[in-house]
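For reference, the structure is listed below as structure tokens.
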Amino acid sequence: MAVFTEVPPEEARALLQRLQLGELLALQGIAGGIENTNYFVTCSQGEFVLTLFERLRPEQLPFYLYLMQHLAQGGLPVPNPRADAQGNILHSVCGKPAALVNRLPGKSQLAPGPQHCAAMGQTLARLHLVGRSFTRQQPNLRGLAWWNQTVPVVLPYLGPQQAELLRSELAYQNAVAATPDYAALPRGPVHADLFRDNVLFEGETLTGCFDFYFAGVDTWLFDLAVCMNDWCIDWATGAHHPARAQALLGAYEAERALTQAERALLPAMLRAGALRFWLSRLWDFYLPREAALLTPHDPTHFERVLRERIAHPLQL
């Protein structure tokens, strides 16, 4: 959610006019994140978030936008893209593909307790279950194929111990992905980036999940693992946090029980989730793009998480 493209007020006004949302009152760039340009838009008919897509191609975008629409219509607290008079939810701003969604209430809870984790687990399970009836298909674009392509690009920037860890974990994940148990895992649309800063709360009530622009069809277990690697660890060390993990997993399984294969492969998927974000942060750190308000994330955090997940696999 950095600002790569400066949006003049007249461009925002033109979009609001097309969407029949009244007058522009305020336009504010959003810092944080690293993929797209984002602005808060305040107008006479409410508060919205404007996203200009910097990397994704126009043909990839309907999956994300219609998935959000599908989940919102299914009762989940997610952004719902605004359509123009012709029903289009993909627009153009400053020559870039763009979307305008309602701004959700609440604020991120960056130090969640077990009660927040339980709300997250319940919502994640509901997201998976509601997503079963979504018919569009698009792979997780930051999945195993991307890992295999990207590891050789970042290896030259690493020291010997980091490079060995990256190579060995990639080999391990390729081996896991080739097994029949992995092929049998339940799958469907996943968020794939449901970190604490992508979730909103009012008190202990979860009021929103947003930033679906890494979503794709993948195993639900991978989505759960990505979530646990951010919500259910000691953030300084990357170590497993039992109370928060128990709360999140228990609430998830109250909505959708894990299969036997999922329970067996959760430790491997926790490692996969750590690898995915260590790798993407290495890529963004060593091969950054220029942007206003952009601050790359520290790659070493997910290196620590990965080492912890290898050294201390979760026992269910």
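The values are calculated or read from the model by the stated rules, or taken from the named source; none is laboratory data. Keep in mind that what you see is a predicted model, and the values were worked out from it rather than measured. Don't worry about glycine lacking a Cβ; one is built from the backbone with ideal geometry, like all the others, and counts go over all protein chains shown. When the accessible area is computed, the model is the full protein with side chains, heavy atoms only, and any ligands, DNA or RNA have been set aside. Shrake-Rupley method; radii C 1.70, N 1.55, O 1.52, S 1.80 Å.
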(Q) Can you find a residue that is over 28 Å from Leu206 (Cβ atoms), modelled with pLDDT under 95, polar (S, T, N, Q) and touching a Ser or Thr at 6+ places or on another chain (Cβ under 8 Å) anywhere in segment 5-19? (A) yes
Q.
Looking at Leu221, Leu124, Leu155, can you tell me which residue is without any contact (Cβ under 8 Å) to a residue 60 or more places away in the chain, closer than 15 Å to Leu248 by Cβ and in a helix (DSSP H, G or I)?
A. Leu221
Q. Would segment 138-149 turn up any residue that is modelled with pLDDT of 95 or more, basic (Lys, Arg) and out of contact with any Ser or Thr (no Cβ under 8 Å at 6 or more places or on another chain)?
A. no
Q | Members of segment 261-282 found to be under 17 Å from the mean Cα position of the chain (by Cα) and either surrounded by fewer than 22 Cβ atoms within 10 Å (Cβ to Cβ) or free of Cβ contacts under 8 Å to residues at least 60 places away in the same chain (or both), listed by number | A | Met269, Leu270, Gly273, Ala274, Phe277, Arg281
Q | Residue within segment 269-286 that is part of a helix (DSSP H, G or I), over 30 Å from Arg55 (Cβ atoms) and in contact with a Lys or Arg (Cβ under 9 Å, 6 or more places away or on another chain) present | A | no
**Q.** Of all residues making up segment 139-152, the number that are within 17 Å of Tyr66 (Cβ to Cβ) and either open to solvent by 70 Å² or more (accessible area, probe 1.4 Å) or not in a loop (DSSP other than H, G, I, E, B) (or both)
**A.** 1
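Leu314: touching a helix residue (DSSP H, G or I) at 6+ places or on another chain (Cβ under 7 Å), of a type in the set (A, V, I, L, M) and not in a helix (DSSP H, G or I), yes or no?
Criteria met by Leu314.
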(Q) Residues that are open to solvent by 30 Å² or more (accessible area, probe 1.4 Å) and out of contact with any His (no Cβ under 9 Å at 6 or more places or on another chain): does segment 226-233 have at least one? (A) no
Q: Would you check which residues across segment 20-50 are modelled with pLDDT of 95 or more, open to solvent by less than 10 Å² (accessible area, probe 1.4 Å) and β-branched (Val, Ile, Thr) and list them?
A: Val41
Q. Quick check: is even one residue across segment 119-138 open to solvent by 20 Å² or more (accessible area, probe 1.4 Å), under 27 Å from Trp235 (Cα atoms) and aromatic (Phe, Trp, Tyr)?
A. no
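Restricting attention to segment 84-111, and to residues there that are part of a loop (DSSP other than H, G, I, E, B) and of a type in the set (S, T, N, Q), which single residue is most open to solvent (accessible area, probe 1.4 Å)? Walk me through how you get there before you give the answer.
First pass over segment 84-111, keeping only residues part of a loop (DSSP other than H, G, I, E, B): 84-90, 94-95, 103-106, 108-111.
Pick out the ones that are also of a type in the set (S, T, N, Q) and you get 86, 88, 108-109.
Details: Gln86: 144, Asn88: 73, Ser108: 43, Gln109: 53 Å².
Among residues in segment 84-111 that are part of a loop (DSSP other than H, G, I, E, B) and of a type in the set (S, T, N, Q), the one most open to solvent (accessible area, probe 1.4 Å) is Gln86.
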Q: Working only within segment 170-206, note down all residues that are free of Cβ contacts under 8 Å to residues at least 40 places away in the same chain, under 23 Å from Ser280 (Cα atoms) and among the aliphatic types (A, V, I, L, M).
A: Ala171, Ala175, Ala177, Ala178
Q) Has segment 55-62 got any residue that is free of Cβ contacts under 8 Å to residues at least 40 places away in the same chain and open to solvent by less than 20 Å² (accessible area, probe 1.4 Å)? A) yes
